[in-house]
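In what follows, a structure is listed as structure tokens, so that the remarks can point back to it.
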Amino acid sequence: MNRLSIPFGIILALLLPLLTNAQTDTPPSGGQLSGNLQTNANFFIRDSLIGAANTPQYDRQKYGAEAWLNLNYSNWGFDFGLRFDAFNNSNLLNPTDSYSDQGIGMWYIKKQVDKLGITAGYIYDQIGSGIIFRAFEERPLLIDNALIGLRLDYSLGTNWKVKAFTGKQRQQFSSYRSIIKGINIEGFISSEEEGAWSLAPGMGIVNRTLDDQAMNSLVSSLNTYRKEDIFIPKYNAYAFTAYNTLSNGPWSWYLEGAYKTPDAQNDPFAQTIINQDTITGDRFIQKAGSVWYTNLSYAGEHFGVSLEGKRTQNFSWRTRPQEQANRGTLNFIPPMARSNTYRLTSRYNSATQFLGELSFQADIRYAPSKKLNFNVNVSNIQNLDNVLLYRELYAEMTLKIKRNTTIIAGVQRQEYNQEVFEVKPNVPLVRTITPFFEYQYKFTPRKLLRIEMQYLYMQQDAKAKLGADFGSWAWIQSEYTLAPHWTFAAACMFNAVPGVASPVENGQRKALYYPRLDVFYTIKSNRFSLSYVKQVEGVVCTGGICRLEPAFSGFRFAVTSTF
């Protein structure tokens, strides 16, 4: 079947009522059309000194772009959705390669029939916090794990609902072959007494059935293993979860436990003995998995605290075991580290470890007045062998002076296992201290000046007598806003004290500058931006999902629009 044949019928459903009424200049009766556009264009300028080279874009293509046009239409008791995706020489799918394709990236039809909800097409949904199933999209990482299939949900009274789904996972403009199906029931129970409490329990089951091609490929790989490493793979694997939120006044406690039956999964750090040599690298294993996750929070008038804990073991849950990195994931395990926003505090991020992680996080907020508040965050992540993966201590103060001045200041302490997160053998643990400062001043209600300053101090690598990774960094940014239309920004990231990974020229480590200039223009629901960027390589993360981002040199142009 042609991949455009089914969506073409939906296009007609979206356009026919508009075309019918076009000659009379009247809107379609009872219908509502909305949508949005997002497009990015990159113009690549080769700079081999910072590593912006040796990819198709820098070597010959010079240009890459991505675009998403989303349309939603409601009429006759139905909801229709359609999205056009285009990729021209894009490096989002693989940062070191080029990807070009275009077509219908998503479509859906929804209908509510009394208590029964029907959805067909591309489905975005999750069970609980997503530990056993989450179909979601993260465009900066080009993750779109929509389920292409059918979902039914039915209301069991006022406070209970059950849903079931089946289909295949999206893979760019086609789909993986494995079949995914699941069922979920959720409810709500509350007391009517003073100081009322409430419960929001739920349970879910997901089954994945491997296709023959994936099974045959798996068997071929297993036939090359040593006898003691071979196992009998299974076509079917099941994941179960039970969860509940208990709330009482300012207190809330969420608890979830999940279990996955023995399932083939890739272990990137498996140790294999070959000819008396120990080799560390990818190898399939088959083990049962489990996840325990909890969050206890208190939100008072001036004081709030959130405590989280998580234990993960052998819970790599994919549409086929051959997929790696961010491809083919069926679930989402909540991250256990703060999502930082400043340039240098977010340089090192903790990626969720599916095979083994024991972690906790505490976040404390205190606001003695409307003009002053404090935030302290502590997180610690290690594997199940007690090897430290990530540790962070973050403290921040926000002070508002009169009505026109805001000051934000703080410090961050990080320990980051680059060998595990970035798969760089034999590199030392990254240890940083990063003070930061932000100043905001409103000249008028429409004119705002914002200045950021940060310094990342890198602890020295004892063996190399240099700072680990790229060493120490300084960052300064100035941003001026003329509301409601214009924003101008200029920033520079300086490799103040080069480290072991800093570029070498004429036998010397180079202390390079990475400037950035931005112009933003907003008119009604349209936003345009043009940027000149030099960017060092690093890791980009969204909610614990990470990937390595190579260095960038060139111009970026972006347009977003809603209608």
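The values are calculated or read from the model by the stated rules, or taken from the named source; none is laboratory data. Source: prediction; values computed, not measured. Positions of Cβ are generated from backbone atoms using ideal geometry, with glycine treated the same way; all protein chains shown enter the neighbour counts. With ligands, DNA and RNA removed, areas are computed over all heavy atoms of the protein, side chains included. Shrake-Rupley method; radii C 1.70, N 1.55, O 1.52, S 1.80 Å.
Points worth noting:
- For region 358-473: accessible area per residue (Å², 1.4 Å): 54 Å²
- For region 519-559, accessible area per residue (1.4 Å probe, heavy atoms of protein chains only), Å²: 44 Å²
- Of the trypsin sites (Lys or Arg not before Pro) in region 172-267, the ones in a loop by DSSP (not H, G, I, E or B) with at most 16 other beta carbons within 10 Å are Arg177, Arg226, Lys234.
- Inter-centroid distance (Cα atoms) of region 253-267 relative to region 530-563, Å: 32 Å
- Additional length obtainable on full extension of the chain from Leu37 to Ala362, 0.36 nm per residue less Cα span: 113.2 nm
- Charge-dipole axis of the chain as Lys and Arg at +1 and Asp and Glu at -1 on Cβ define it, positive-most pick from Ser191, Ala367, Tyr521: Tyr521
- If R0 equals 30 Å, the separation of the Cβ atoms of Glu228 and Lys424 corresponds to a calculated FRET efficiency of about 0.50.
- Highest-first arrangement of 411-421, 211-221, 49-59, where packing means the average Cβ count within 10 Å: 411-421, 49-59, 211-221
- Within the shell of other residues whose beta carbon sits under 11 angstrom from the beta carbon of Ser316, the net charge comes to 0, with Lys and Arg scored +1 and Asp and Glu -1.
- Once the chain from Thr278 to Ser48 is taken as fully extended at 0.36 nm per residue, the excess over their C-alpha distance is 79.2 nm.
- Projecting the Cα atoms of Asn223, Ala239, Thr261 onto the charge dipole of region 215-264, computed from C-beta unit charges around the Cα centre, puts Asn223 farthest toward the positive end.
- Area accessible to solvent at Phe84, 1.4 Å probe radius, in Å²: 90 Å²
- Annotation: per residue accessible area for region 229-337 equals 48 Å², rounded to a whole number [probe 1.4 Å, protein chains only].
- At most 16 other Cβ within 10 Å, DSSP loop - GluC sites (Glu not before Pro), region 118-199: Glu192, Glu193, Glu194
- Shape category assigned to the chain from the gyration tensor of Cα positions, a/c cut at 1.5: rounded
- When shorter helices are ignored and each DSSP H run of at least 4 residues is given -39500 (n - 2.57), the per-residue value for the chain at 222 nm works out to -2000 deg cm²/dmol.
- The packing ranking, built from the mean of other Cβ atoms within 10 Å per residue, places the peptides 541-548, 425-432 in the order 541-548, 425-432, highest first.
- Inter-part distance where region 441-496 and region 155-212 are each reduced to a Cα centre, Å: 43 Å
- Protein accessible area in region 89-211, 1.4 Å probe - carbon and sulfur %: 54 percent
- Database note for the chain: Cys without another Cys beta carbon under 4.7 angstrom, Cys492.
- Percent accessible area from carbon and sulfur atoms, region 420-516, protein chains only, probe 1.4 Å: 59 percent
- Taking Cβ atoms as reference points and 14 Å as the exclusive limit, the residues near Ser34 contribute a net charge of 0, counting Lys and Arg as +1 and Asp and Glu as -1.
- Sites Ala490 and Tyr441 - FRET efficiency at Förster radius 25 Å, r taken between beta-carbons, to 0.05: 0.90
- Overall, the accessible surface of region 300-339 at a probe of 1.4 angstrom is composed of carbon and sulfur to the extent of 49 percent.
- Note on the chain: with charges restricted to the Cβ of Lys and Arg (+1) and Asp and Glu (-1), its dipole about the Cα centre is near 920 debye.
- Region 314-432 shape via C-alpha gyration tensor axes, a/c threshold 1.5: prolate
- If the chain linking Thr560 and Gln459 were pulled fully straight, counting 0.36 nm for each residue of separation and taking away their Cα-Cα distance, it would gain 32.3 nm.
- Pairs with C-alpha atoms separated by more than 21 Å, drawn from the list Lys161/Lys287; Lys234/Lys287; Lys111/Lys163; Lys168/Lys287, are Lys161/Lys287; Lys168/Lys287.
- Positive end of the dipole of the chain (Cβ unit charges, origin at the Cα centre): among Val533, Asn275, Gly544, the Cα lying farthest that way belongs to Val533.
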